[in-house]
Amino acid sequence: MLPDSTTAAVSIDSMEERHWDSVRSIYQAGIDTGHATFAASPPASREVWQRDHLNEFSVVAIEGKTVVGWASLAPVSGRCVYSGVAEVSVYVDPAAAGRGVGTQVLAALWLRRISPGCLSASRTPRIKRRCASFSKRMERGNPRALLICPRAYLIASR
């Protein structure tokens, strides 16, 4: 997607140890709003973060040399019946809000490893077709396709 006057020109990268301080700070800003999570504070360390997230899917948005947003997946349960079902988190630095950063990291998360046939609340052919169409739009660089995705559970394939 090409940047315009309202879209931040960011690069997307895998979340790494060098990003942790910025990720933690952005998470704290989200917590401070009282609307983002039930957590009272960010994890104390990156090691704690890694224990609770599917790290191969975590991404950051970088503008210049500054992390301005991130997205990650966390398992919703350790029970085998929920194997592969993940909670999606998207956080954006308040200074970068309203410029499409959240949409871009969510799109990158989708393309990173949410596979086309795996987004569905049911296995009906209609939902599968809509999810395949959604994936094609995402692959063509149209993150606004996120707005038309059917209501569903995200299922991450490892």
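The values are calculated or read from the model by the stated rules, or taken from the named source; none is laboratory data. The structure presented is a predicted model; accordingly, all values stated were derived computationally and were not measured. Cβ atoms come from the backbone with ideal geometry, glycine included; neighbour counts cover every protein chain shown.
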Q | In segment 65-80, residue surrounded by the fewest Cβ atoms within 10 Å (Cβ to Cβ) [restricted to those that are within 23 Å of Trp110 (Cα to Cα) and at pLDDT 90 or above] | A | Thr66
**Q.** Verdict on Ala61 being closer than 21 Å to Trp110 by Cβ and in a loop (DSSP other than H, G, I, E, B)
**A.** no
(Q) I'm checking my understanding of the structure. Among residues of segment 65-96 that are closer than 23 Å to Ser22 by Cα and in a loop (DSSP other than H, G, I, E, B), which one is farthest from the chain's Cα centre (by Cα)? (A) Lys65
Q) Within the bounds of segment 11-27, is there any residue that is over 17 Å from the mean Cα position of the chain (by Cα) and either modelled with pLDDT under 90 or buried (at least 18 other Cβ atoms within 10 Å of the Cβ) (or both)? A) no
Q | Unique residue being assigned to a loop (DSSP other than H, G, I, E, B), among the charged types (D, E, K, R) and at negative phi when the list is Arg99, Arg24, Arg112 | A | Arg99
Q. Does segment 44-58 contain at least one residue that is closer than 17 Å to Val101 by Cα and surrounded by fewer than 16 Cβ atoms within 10 Å (Cβ to Cβ)?
A. no
Q. Does segment 100-119 contain any residue that is more than 11 Å from the chain's Cα centre (by Cα) and at pLDDT 85 or above?
A. yes
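Determine whether Arg130 is modelled with pLDDT under 80, in a helix (DSSP H, G or I), of a type in the set (D, E, K, R) and within 18 Å of the chain's Cα centre (by Cα).
Working: modelled with pLDDT under 80: yes; in a helix (DSSP H, G or I): yes; of a type in the set (D, E, K, R): yes; within 18 Å of the chain's Cα centre (by Cα): no.
No; evaluated as a whole, the condition is false for this residue.
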